[in-house]
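**Student:** Quick one: the structure is below, and I'll ask about it shortly.
The values are calculated or read from the model by the stated rules, or taken from the named source; none is laboratory data. Only a predicted model underlies this, so the values are computations on that prediction, with no experimental measurement involved. Glycine gets a Cβ as well: all are built from the backbone with ideal geometry, and neighbour counts include every protein chain shown. Ligands, DNA and RNA are stripped out before the accessible areas are found, and what is left, the full protein with its side chains, is counted by its heavy atoms. Shrake-Rupley method; radii C 1.70, N 1.55, O 1.52, S 1.80 Å.
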Amino acid sequence: MPEDKIKLDAGTVLPENLIITEEFRKLNNLIENTSSNMFITGKAGCGKSTLLEYFRQNTVKNYVILAYTGITALKARGKTIHSFFKFPPRLIDNKDIKILRDQKLIKELDTILIDEASLVSAHILDAIDKSLKKNRKSKDPFGGVQIILIGDLFQLPPIVGAAERPFFEKMYKGPYFFNSKIFKKSNVDTHELTKIFRQSDEKFINLLNKIRISKIEDDDLKLINARVQDDNFKVPKGVILLSPKNSKVDHVNNKNLELINSPQFEFKAEIKGTFYEKEYPVEENLRLKVGAQIMLVKNDNSTPQKWVNGTIAIISKLDKNRISIDIDGEIHQVGTESWEKFEYRLSGKKIISSSIGTFTQYPIKLAWAATIHKCQGQTFKNVCVDMDEGAFTHGQTYVALSRATELNGIFLIKKITYRDLIFDKRVYEFLGNKLESKYSKEITETDKVIKQRENGAYDKSSWSNDDDLKLLNFYNKGIPLQGIVNMMNREPSDLRRRIKKILEKLS
């Protein structure tokens, strides 16, 4: 049975038992101790957001965190690219590159980190370069500011409208940030995080890796489509439905709300300072009914804690200024919460962030469905996927399925087909044949190991670094020994000896 608690991130939090791998440490040191421009990539669930948050908490640099979408910016505790550089919400002309008000801050900048970089277009990256050059009076790439792009090009690409497509093809030969004119001039080094933390089932990880690079065979489709539900299936409580288009998501949420035969209440948000509609963390006019399935999107700060950011609940009672919710049979009152929008400013020679706006509303969203685009970067214990009329862009199916932490946590409304595995070959043209060969080799080798294990021919005396990290992660989470035995296919005595050796190394 799926759990009634799922997590929708409104702010990355470092794990209590953070495992700092050697590659994690190396990348953080490179960002901190060099001025090199970098693209940091990795598969879904490899800790890209965790690396960003770890840097944010520990750096001595003057930095700014930016993102293309408001949701990602809020999660990363940063700003949108457009709001920071004062870009208009359209194709950017040279006349749109403005002299920014806070010149001192711009000139003291060491580093700009851009999260979910797969969504950043070539046009936007060139505009960032032009703005930094103009405002810092420098001819150096990005005006001499270190640029750190963080993301996965196998996930969702930049959103380019039909009217803009000819422009991108003519000017850039593609929409991606690596198609920009400045990218080729700025010596951006590509680094990869390879350790997967979100999923622990090797078979599921391998399946996702195949979907990610569109190297799927009939047996793989058969494996994922075993999760297709019958016609009588109803999405369980605590499970969110992901679908490609807003029209489907709105239909699911509105239909479920309309089906409830109880009075509708509306709650209006209080907005102060600068907060744009596309940045709202929840609805400005929240419509609710008793019996509605909702998601809480902020942690409860009382003791004992009654819910976390992402807990699914049912509305149990409503009046003009009061919302009561039912969580696993327990009734609680929910009060309003405030979200702050941050601005960067200079204090002495140190850049600090400060609040420039607040959005106050009940921390509640209707929780029946959401678009795949809005859930890029999220993690769910269980997820229902309805591809509806099919995927329509590169990486969409991979993003949807990789939100789940385990294969049994996926519920499919429709079969995944080869048509849903859309892949843009320009990604490999940028990343190179070596990486394509590497990913294909990884899949082949993992397939071999899985088959050996299933046939009982695998050498259980061998331990890889990944095995050690996986074991340490399970141990730190307090998972019972028998559970680890089942997940890692190892003997209990072997696991006890290995964890003892790992702990001795760490002490």
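**Student:** Is it the case, given these coordinates, that LYS278 is surrounded by fewer than 18 Cβ atoms within 10 Å (Cβ to Cβ), more than 28 Å from the chain's Cα centre (by Cα) and either under 30 Å from LYS79 (Cβ atoms) or modelled with pLDDT of 95 or more (or both)? Talk me through it step by step, then tell me what you get.
**Tutor:** Details: surrounded by fewer than 18 Cβ atoms within 10 Å (Cβ to Cβ): yes; more than 28 Å from the chain's Cα centre (by Cα): no; either under 30 Å from LYS79 (Cβ atoms) or modelled with pLDDT of 95 or more (or both): yes.
Taking the combined requirement at face value, the residue does not satisfy it.
**Student:** With LEU105, LEU100, LEU66, LEU91 as the choices, which residue is closer than 23 Å to GLU340 by Cβ and assigned to a loop (DSSP other than H, G, I, E, B)? Please lay out each step first, then the result.
**Tutor:** Values: LEU105 fails: assigned to a loop (DSSP other than H, G, I, E, B); LEU66 fails: assigned to a loop (DSSP other than H, G, I, E, B); LEU91 fails: closer than 23 Å to GLU340 by Cβ.
The match here is LEU100.
**Student:** Quick check: anything in segment 430-443 more than 27 Å from the chain's Cα centre (by Cα), surrounded by fewer than 16 Cβ atoms within 10 Å (Cβ to Cβ), outside any loop (DSSP other than H, G, I, E, B) and modelled with pLDDT under 80? Quick ask: steps written out before the conclusion?
**Tutor:** Taking segment 430-443 and keeping what is more than 27 Å from the chain's Cα centre (by Cα), we get none.
The answer is no, given that none of the residues of segment 430-443 is more than 27 Å from the chain's Cα centre (by Cα), surrounded by fewer than 16 Cβ atoms within 10 Å (Cβ to Cβ), outside any loop (DSSP other than H, G, I, E, B) and modelled with pLDDT under 80.
**Student:** Now, a different point. For segment 293-305, enumerate the residues that are out of contact with any Gly (no Cβ under 9 Å at 6 or more places or on another chain), of a type in the set (Val, Ile, Thr) and open to solvent by less than 60 Å² (accessible area, probe 1.4 Å).
**Tutor:** Within segment 293-305, just ILE294 meets the criteria.
**Student:** Which numbered condition in (1) under 29 Å from LEU366 (Cβ atoms); (2) not in a loop (DSSP other than H, G, I, E, B) is the only one that PHE233 fails?
**Tutor:** Every listed condition holds for PHE233 apart from (2).
**Student:** Also, I was wondering about something else. From LEU153, LEU149, which residue is on the phi < 0 side of the Ramachandran plot, assigned to a loop (DSSP other than H, G, I, E, B) and open to solvent by less than 10 Å² (accessible area, probe 1.4 Å)? Spell out how you get there, then give the answer.
**Tutor:** Working: LEU149 fails: assigned to a loop (DSSP other than H, G, I, E, B).
On inspection, the qualifying residue turns out to be LEU153.
**Student:** Something else: Residue check, ARG77 against (1) open to solvent by 30 Å² or more (accessible area, probe 1.4 Å); (2) charged (D, E, K, R); (3) assigned to a helix (DSSP H, G or I), all met but one. Which one?
**Tutor:** The number of the failed condition is (3).
**Student:** Please state which one of LYS365, LYS414 is among the basic types (Lys, Arg), within 22 Å of ASN253 (Cα to Cα) and assigned to a strand (DSSP E or B). Write out each step before concluding.
**Tutor:** Numbers: LYS414 fails: assigned to a strand (DSSP E or B).
So the residue among LYS365, LYS414 that is among the basic types (Lys, Arg), within 22 Å of ASN253 (Cα to Cα) and assigned to a strand (DSSP E or B) is LYS365.
**Student:** Sticking with this one: Scan segment 16-33 and tell me whether some residue there is at pLDDT 60 or above, open to solvent by 40 Å² or more (accessible area, probe 1.4 Å) and closer than 30 Å to PHE411 by Cβ.
**Tutor:** From segment 16-33, those at pLDDT 60 or above are 16-33; that's our starting set.
Now drop any that are not open to solvent by 40 Å² or more (accessible area, probe 1.4 Å), which leaves 16-18, 20, 22-23, 25-26, 29-30, 33.
After this cut, where a residue has to be closer than 30 Å to PHE411 by Cβ as well, the list is 16-17.
Among the residues of segment 16-33, at least one is at pLDDT 60 or above, open to solvent by 40 Å² or more (accessible area, probe 1.4 Å) and closer than 30 Å to PHE411 by Cβ, which makes the answer yes.
**Student:** Identify, please: which residue in segment 176-204 is of a type in the set (Val, Ile, Thr) and surrounded by fewer than 18 Cβ atoms within 10 Å (Cβ to Cβ) and is, among those, nearest to LEU421 (Cα to Cα)?
**Tutor:** Step one: filter segment 176-204 for residues of a type in the set (Val, Ile, Thr), giving 182, 188, 190, 194, 196.
Checking which are surrounded by fewer than 18 Cβ atoms within 10 Å (Cβ to Cβ) leaves us with 190, 194.
Details: THR190: 25, THR194: 22 Å.
This residue is THR194.
**Student:** Looking at this structure, is SER262 surrounded by 14 or more Cβ atoms within 10 Å (Cβ to Cβ), out of contact with any Pro (no Cβ under 8 Å at 6 or more places or on another chain) and small (Gly, Ala, Ser)?
**Tutor:** Details: surrounded by 14 or more Cβ atoms within 10 Å (Cβ to Cβ): no; out of contact with any Pro (no Cβ under 8 Å at 6 or more places or on another chain): yes; small (Gly, Ala, Ser): yes.
Against the criterion (surrounded by 14 or more Cβ atoms within 10 Å (Cβ to Cβ), out of contact with any Pro (no Cβ under 8 Å at 6 or more places or on another chain) and small (Gly, Ala, Ser)), SER262 does not qualify.
**Student:** Out of curiosity, is THR360 within 30 Å of ARG101 (Cα to Cα), of a type in the set (Ser, Thr, Tyr) and either at pLDDT 85 or above or buried (at least 16 other Cβ atoms within 10 Å of the Cβ) (or both)?
**Tutor:** Values: within 30 Å of ARG101 (Cα to Cα): yes; of a type in the set (Ser, Thr, Tyr): yes; either at pLDDT 85 or above or buried (at least 16 other Cβ atoms within 10 Å of the Cβ) (or both): yes.
For THR360, the condition - within 30 Å of ARG101 (Cα to Cα), of a type in the set (Ser, Thr, Tyr) and either at pLDDT 85 or above or buried (at least 16 other Cβ atoms within 10 Å of the Cβ) (or both) - is met.
**Student:** Quick check on this structure: which one of PRO166, PRO141, PRO157 is in contact with a Pro (Cβ under 7 Å, 6 or more places away or on another chain) and not aliphatic (A, V, I, L, M)? Spell out the reasoning first.
**Tutor:** Values: PRO166 fails: in contact with a Pro (Cβ under 7 Å, 6 or more places away or on another chain); PRO141 fails: in contact with a Pro (Cβ under 7 Å, 6 or more places away or on another chain).
One residue alone meets the criteria, PRO157.
**Student:** Got at least one residue in segment 119-127 being under 19 Å from the mean Cα position of the chain (by Cα) and charged (D, E, K, R)? Don't jump to the end; show me each part of the working.
**Tutor:** Step one: filter segment 119-127 for residues under 19 Å from the mean Cα position of the chain (by Cα), giving 119-121.
Those left that are additionally charged (D, E, K, R): none.
No; the residues of segment 119-127 include none that is under 19 Å from the mean Cα position of the chain (by Cα) and charged (D, E, K, R).
**Student:** Only one residue in ARG322, ARG403, ARG419 is basic (Lys, Arg) and surrounded by 22 or more Cβ atoms within 10 Å (Cβ to Cβ), so which one is that? So that I can check it myself, show each step before the final result.
**Tutor:** Values: ARG322 fails: surrounded by 22 or more Cβ atoms within 10 Å (Cβ to Cβ); ARG419 fails: surrounded by 22 or more Cβ atoms within 10 Å (Cβ to Cβ).
None of the others qualify; the one that does is ARG403.
**Student:** Checking the structure you have, find out if any residue of segment 43-51 is under 30 Å from ALA400 (Cα atoms), more than 16 Å from the chain's Cα centre (by Cα) and open to solvent by less than 10 Å² (accessible area, probe 1.4 Å).
**Tutor:** Step one: of segment 43-51, the residues under 30 Å from ALA400 (Cα atoms) are 43-51.
This time we only want the ones that are more than 16 Å from the chain's Cα centre (by Cα), so: none.
No - not one qualifying residue is present in segment 43-51.
**Student:** State the number of residues belonging to segment 80-101 that are of a type in the set (Asp, Glu) and open to solvent by less than 60 Å² (accessible area, probe 1.4 Å).
**Tutor:** So in segment 80-101, the residues of a type in the set (Asp, Glu) come out as 93, 96.
Still in the list and also open to solvent by less than 60 Å² (accessible area, probe 1.4 Å): 96.
Residues flagged as of a type in the set (Asp, Glu) and open to solvent by less than 60 Å² (accessible area, probe 1.4 Å) within segment 80-101 amount to 1.
**Student:** Any idea how many residues of segment 208-242 are closer than 18 Å to THR405 by Cα and under 21 Å from the mean Cα position of the chain (by Cα)?
**Tutor:** Residues meeting the conditions: 10.
**Student:** Next up: Taking segment 251-267 as the region of interest, how many residues are farther than 19 Å from GLN361 by Cβ, free of Cβ contacts under 8 Å to residues at least 24 places away in the same chain and not in a loop (DSSP other than H, G, I, E, B)? Quick ask: steps written out before the conclusion?
**Tutor:** Taking segment 251-267 and keeping what is farther than 19 Å from GLN361 by Cβ, we get 251-252, 254-256, 258-263.
Cutting the leftovers down to free of Cβ contacts under 8 Å to residues at least 24 places away in the same chain gives us 251, 254-255, 258-259, 261.
From what is left, the residues that are not in a loop (DSSP other than H, G, I, E, B) are 251, 254-255, 258.
Of the residues in that region, 4 qualify.
**Student:** Next question. Please verify whether PHE204 is among the aromatic types (Phe, Trp, Tyr) and in a helix (DSSP H, G or I), treating the condition exactly as stated.
**Tutor:** Numbers: among the aromatic types (Phe, Trp, Tyr): yes; in a helix (DSSP H, G or I): yes.
Against the criterion (among the aromatic types (Phe, Trp, Tyr) and in a helix (DSSP H, G or I)), PHE204 qualifies.
**Student:** VAL308 passes all but one of (1) of a type in the set (A, V, I, L, M, F, W, C); (2) open to solvent by 20 Å² or more (accessible area, probe 1.4 Å); (3) at pLDDT 85 or above; (4) in contact with a strand residue (DSSP E or B) (Cβ under 8 Å, 6 or more places away or on another chain); which number fails?
**Tutor:** (3)
**Student:** Return the pair list, or none, for Cβ contacts closer than 8 Å from residues in segment 486-507 that are more than 17 Å from ASN465 (Cα to Cα) and at pLDDT below 80 to residues that are part of a helix (DSSP H, G or I) and open to solvent by less than 50 Å² (accessible area, probe 1.4 Å), at least 6 apart or on different chains.
**Tutor:** From residues that are more than 17 Å from ASN465 (Cα to Cα) and at pLDDT below 80, the pairs are GLU491/VAL485; PRO492/VAL485.
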